[in-house]
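**Q** Here you go, one structure.
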Amino acid sequence: MNLAIAKTVPVEKKWMRKDNAMKHFDFAGNQVRSFGVLLSEFKSHPDFSQGYLNPTYKLVLIDIDLFEQFLIWKHDNKFKGE
């Protein structure tokens, strides 16, 4: 009997619930409102809106990689007009 040993590879989550995304990006306490403002802009921006899913009334899922790209885009364009 031959047994193969498989190596496990950790896989990063692509989608996170809103509360987990807030923890992931270290938004806590009085920064919750700031996260909400950013998330609102993220979901309404045509280049990033596909990274926001709201499949049920209380469940919001966020594409973590795309939200990070959005934050970088916000950083790079913070002094430019839209």
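Derivation of every value follows stated rules applied to the coordinates shown; laboratory data play no part. Everything numeric in this text was worked out from a predicted model, so none of it was measured. Positions of Cβ are generated from backbone atoms using ideal geometry, with glycine treated the same way; all protein chains shown enter the neighbour counts.
**Q** On the given criteria, is residue 43 part of a helix (DSSP H, G or I), crowded, with 16+ Cβ neighbours inside 10 Å and free of Cβ contacts under 8 Å to residues at least 40 places away in the same chain?
**A** For residue 43, the condition - part of a helix (DSSP H, G or I), crowded, with 16+ Cβ neighbours inside 10 Å and free of Cβ contacts under 8 Å to residues at least 40 places away in the same chain - is met.
**Q** Moving on. Can you pull out every residue in the stretch 1-23 that is part of a loop (DSSP other than H, G, I, E, B), under 28 Å from residue 59 (Cα atoms), of a type in the set (D, E, K, R) and out of contact with any strand residue (DSSP E or B) (no Cβ under 9 Å at 6 or more places or on another chain)?
**A** Once the filter is applied, which keeps residues that are part of a loop (DSSP other than H, G, I, E, B), under 28 Å from residue 59 (Cα atoms), of a type in the set (D, E, K, R) and out of contact with any strand residue (DSSP E or B) (no Cβ under 9 Å at 6 or more places or on another chain), the stretch 1-23 yields 12, 13.
Each row is one residue, and each column tells you yes or no for (1) loosely packed, with under 10 Cβ neighbours inside 10 Å; (2) in contact with a Pro (Cβ under 8 Å, 6 or more places away or on another chain); (3) not polar (S, T, N, Q).
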{"position": "3", "(1), (2), (3)": "yes, no, yes"}
{"position": "15", "(1), (2), (3)": "no, no, yes"}
{"position": "29", "(1), (2), (3)": "yes, no, yes"}
{"position": "39", "(1), (2), (3)": "no, no, yes"}
{"position": "56", "(1), (2), (3)": "yes, no, no"}
